[in-house]
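Data block below; observations after.
The values are calculated or read from the model by the stated rules, or taken from the named source; none is laboratory data. No experiment lies behind these values; they were computed from the predicted model shown. Cβ atoms come from the backbone with ideal geometry, glycine included; neighbour counts cover every protein chain shown. Quick note on the areas: whole protein, heavy atoms, side chains included, nothing else; ligands and nucleic acids left out. Shrake-Rupley method; radii C 1.70, N 1.55, O 1.52, S 1.80 Å.
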Amino acid sequence: VRRWLQPEAVGPSDRRVRFVGEDGYLAAGGRLTRDLFSDAVFFEDAGLLDRLFAEKLEGEAHQQNPGWAWIETVDDTHFGYDAIRGGGFERVYRVEGELSGDEAAEYDELADLANAEALDEDGEARLAALEAKMEGDYNAEQKALAGAAFYVSYDGALQCVEGLIRAEDVPAAVEAGLLQPRQDVSSATDAPAPKSLYSGALVEDMKAVRLAAIQTALLDRPDMVLDLLAFGLSLASGATTTVFDLQPGRPMNRPKETDGLTFAERLAHPPASHEAWSRPDLRCDDPVAAFRAFAAQGKKARNAAITEGIARTLPYGATSADFFAMIETDSGASIRKVWTPTAVNFFGRMSGAWLDNLFANLLDAEPGDIRVKGFRDKKKKEKAEAMERLFSDAAYQAASGVTSEQNARIAAWIPDCI
């Protein structure tokens, strides 16, 4: 009945109502209608509400502008990739800070303490300061050419997208070295790579995980192992090519943090020879008898032994990135078949801001989404634990409103550090 009598009245869930507020609307002479059967309040003058909304958005955008060359207000609930590209904008990003060697070691130590729930308030403050330094900030050159777009999300929260370069300012940004020209492939290739968000220790662990995944897949592909072995031993692969590390080598295939890793013990490296001599169970005192016993097991056992032994020697990156990727693809290897990210092995080793972004991206959530806000308010350790539950706890996924499509994305996600 109310909708029939007052079709233009705006309800309390409207983002304009949430942003302007009842007090501001009444102060401007607006009229209200209160629902007889609930506590809901309806704003009768939609035109006045639109004007107040636009004025407040413009005012707060200028008030919160942290020194950009220009600002723009957007009358939409979202300003994402499509809007940026559709508006002809390019974008610059924060200049990441660089930790010194001592600071990097301190960061790793504090992150480990945080994961172990052994970090006091001073330690938490120091960890947050190091994370802020790593995340960096926009510099004066960027702010002199770039701007920011302000908008109000569906829940009435003011949002800002920073670092936007207008189409007419792109040439100046390129000349200033803030952007790379799209058509100049060589300059983009020669540009220094941005500082990685991942620590060196974490990258090495993830490389070990990837190698374990490929070697695990090779265990079920003995013919492929033999083909690779023959190829590496023949001149068909070149006189200097080495496919397998046949020293036999012991490439690291078990990360320091084994939490979340399903490791095939057949891939475990045997002790070094000098260690084996001290263990009677690892010595072969009668090689003739041992060989005859081994050969009597037949070709199946022989092929399994070859497959296991050769698979263990596959080094990371052999013999090139493309060739290594080919082995990974053709063997059917998948990191997530053997490894699940947890608070201990991954999430607790990343910054809080990085976790915020990953959580929002995996759930397709806007910055103003109540789930994102709740996650952002957590402490670093709590965020890591929540991410672990998002990846492995069906009840938590259901409570977080994870769709089947998002669940598939979570199940397939791997970090981009390798």
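Condition check for THR73 on (1) touching an Asp or Glu at 6+ places or on another chain (Cβ under 9 Å); (2) not in a strand (DSSP E or B): one failure, at (2).
Condition check: within 27 Å of MET326 (Cα to Cα), surrounded by 15 or more Cβ atoms within 10 Å (Cβ to Cβ) and modelled with pLDDT of 85 or more. Does ARG221 satisfy that? It is false that ARG221 is within 27 Å of MET326 (Cα to Cα), surrounded by 15 or more Cβ atoms within 10 Å (Cβ to Cβ) and modelled with pLDDT of 85 or more. Being open to solvent by 60 Å² or more (accessible area, probe 1.4 Å), of a type outside the set (Lys, Arg) and at pLDDT 85 or above is true of GLU121. Residues considered: TRP339, TRP354. Of these, the only one that is touching a strand residue (DSSP E or B) at 6+ places or on another chain (Cβ under 8 Å) and touching a residue at least 60 places away in the same chain (Cβ under 8 Å) is TRP339.
So, in the stretch 308-321, exactly how many residues are open to solvent by 40 Å² or more (accessible area, probe 1.4 Å) and within 23 Å of the chain's Cα centre (by Cα)? Residues in the stretch 308-321 being open to solvent by 40 Å² or more (accessible area, probe 1.4 Å) and within 23 Å of the chain's Cα centre (by Cα): 2 in total.
When the test is whether a residue is touching a strand residue (DSSP E or B) at 6+ places or on another chain (Cβ under 9 Å) and either crowded, with 16+ Cβ neighbours inside 10 Å or at pLDDT below 85 (or both), GLY97 passes it. Just one of (1) open to solvent by 10 Å² or more (accessible area, probe 1.4 Å); (2) under 22 Å from GLY200 (Cβ atoms); (3) in contact with a Gly (Cβ under 9 Å, 6 or more places away or on another chain) fails for PHE324. It is (1).
One line per residue, one yes/no per condition, for (1) charged (D, E, K, R); (2) open to solvent by less than 60 Å² (accessible area, probe 1.4 Å); (3) modelled with pLDDT of 60 or more:
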site: ALA172; (1), (2), (3): no, yes, yes
site: LYS207; (1), (2), (3): yes, no, yes
site: LEU233; (1), (2), (3): no, no, no
site: GLN247; (1), (2), (3): no, no, no
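For the stretch 339-405, the helices (runs of 4 or more DSSP H) that sit wholly inside it and include 1 or more residues that are open to solvent by less than 20 Å² (accessible area, probe 1.4 Å) are 352-362, 370-376, 380-392. Taking VAL344, is it more than 16 Å from the chain's Cα centre (by Cα) and within 30 Å of LYS378 (Cβ to Cβ)? Spelling it out, it is not the case that VAL344 is more than 16 Å from the chain's Cα centre (by Cα) and within 30 Å of LYS378 (Cβ to Cβ). Scan the stretch 37-51 and give yes if some residue there is out of contact with any Cys (no Cβ under 8 Å at 6 or more places or on another chain), within 30 Å of GLN180 (Cα to Cα), open to solvent by 60 Å² or more (accessible area, probe 1.4 Å) and not in a loop (DSSP other than H, G, I, E, B), otherwise no. So far as the stretch 37-51 goes, no, none of its residues is out of contact with any Cys (no Cβ under 8 Å at 6 or more places or on another chain), within 30 Å of GLN180 (Cα to Cα), open to solvent by 60 Å² or more (accessible area, probe 1.4 Å) and not in a loop (DSSP other than H, G, I, E, B).
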